[in-house]
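So the structure is just underneath, and the comments pick up after that.
Throughout, read-outs are computed from the coordinates displayed, never taken from laboratory work. All values reported here derive from a predicted model rather than from experimental measurement. Cβ coordinates were reconstructed from backbone atoms using ideal geometry, including for glycine residues, and neighbour counts include every protein chain displayed.
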Amino acid sequence: MTGLSVGFVTWHTPKDVLASFLDSLAEAVETLVRRTPVPVSIYGICNDAPQDIQAVEALIQRYAQGADEITWHFIQGHGNIGYGAAQNLAIRRTEAEFHLMCNPDLTMAPDVLLEAVHFLEASSGAVLAAPQGFDAEGRYARLAKRSPTLLALALRALSVEPSNGLLGRRVATYVYDEALPAEAPAPIELASGCFMVARTAALKAIDGFDEGYFLYFEDFDLCRRLARHGSIYELPTAKITHYGGHTARRGLARTLRFVHSGYRYFSRHGWRLL
């Protein structure tokens, strides 16, 4: 293994949330380095406004004094260019074999990076490893998805839960209700952009994220293109707690972005109504 890199993007991230994330990231990286002494490069990508950058950088710098194998980088000054475009700033810089793309609105188990990296090392046909995610109450969060249909997205927006009912079955299929969580690595179609560990060579081969997505669907699009290079798995031994992801709780501006990105996604990958 020639190392791991990490890219996380901040934008109006509450300082206590960012601090909790950084605590868990630092512990997970140190666990990996203790077990597998490899270089780790961490890129904090700040999409915040200039008046907020100094506070974010100061918080990140607290964690920059660690093991010699771990280096921290702070990327700022580009403004709010969107999640995918921001992640690409790190993807283009890294020379590590594996790369983690994540949000700071989560905490990770200490061994999550170790488990993801070891799985990819042992599974030549795998291109991306995703964790089992849980919400703040400890409930399985169903981060993995099948390719969406317009109906499934509409039902999710209306907060329809997976069930045996006519509409609930559509949602259940979309969120792998019958198959996940699994006790062994499980192949999935789409992983959540909140936490994805991928082979860097494959990320570079597809030129990273499509920067035409400012927000929403950029992770689905990435997975669809990465799938040409290998399989995507959810790992039961890799766990995170995700505090964000409430897509139904969005105002008009975010709703318009969701519609715009959805149109781009379905236009590229095919329109599916049901």
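Summary table
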| quantity | calculated |
| --- | --- |
| Dipole of the chain, positive direction: furthest Cα of TYR83, SER123, VAL29, with charges on the beta-carbon | TYR83 |
| Charge sum, other residues only, whose C-beta stays under 9 Å from LEU180's C-beta, Lys/Arg counted +1 and Asp/Glu -1 | -2 |
| Charge dipole magnitude, Cβ of K and R +1, D and E -1 - the chain, Cα centre, debye nearest 20 | 1080 debye |
| Dipole in debye (nearest 20) - the range 1-66, about Cα centre, beta carbon charges: Lys, Arg +1; Asp, Glu -1 | 240 debye |
| Ascending count of other beta-carbon atoms within 10 Å, so fewest first, for ASP219, ASP207, ASP48 | ASP207, ASP48, ASP219 |
| Stretchable slack from ALA154 to ILE75, in nm (0.36 nm times residue separation minus alpha-carbon distance) | 24.8 nm |
| Options LEU114, LEU59, ALA201, ranked by Cα towards positive dipole end of the chain, top entry (Cβ charges) | ALA201 |
| GLU137 paired with ARG35, simple spin-label distance in nm, labels 7 Å along Cα-to-beta-carbon | 3.1 nm |
| Mean separation of Cα contacts under 8 Å, 6 or more apart, over the residue count of the range 153-256: relative contact order % | 30 percent |
| Dipole of the chain, positive end: most advanced residue of PRO148, PRO104, TYR176 [Cβ charges, Cα centre] | PRO148 |
| Spin-label pair THR173/ARG228, simplified geometry with 7 Å Cα→Cβ offset, distance in nm | 2.7 nm |
| ASP207 paired with SER163, simple spin-label distance in nm, labels 7 Å along Cα-to-beta-carbon | 4.5 nm |
| Per-peptide average of other Cβ atoms within 10 Å, ordering 166-172, 12-18 highest first | 166-172, 12-18 |
| Relative exposure of SER159, SER5, judged by other C-beta atoms within 10 Å (fewest first) | SER159, SER5 |
| Positive minus negative residues near THR10 (Lys, Arg vs Asp, Glu; Cβ under 12 Å) | -3 |
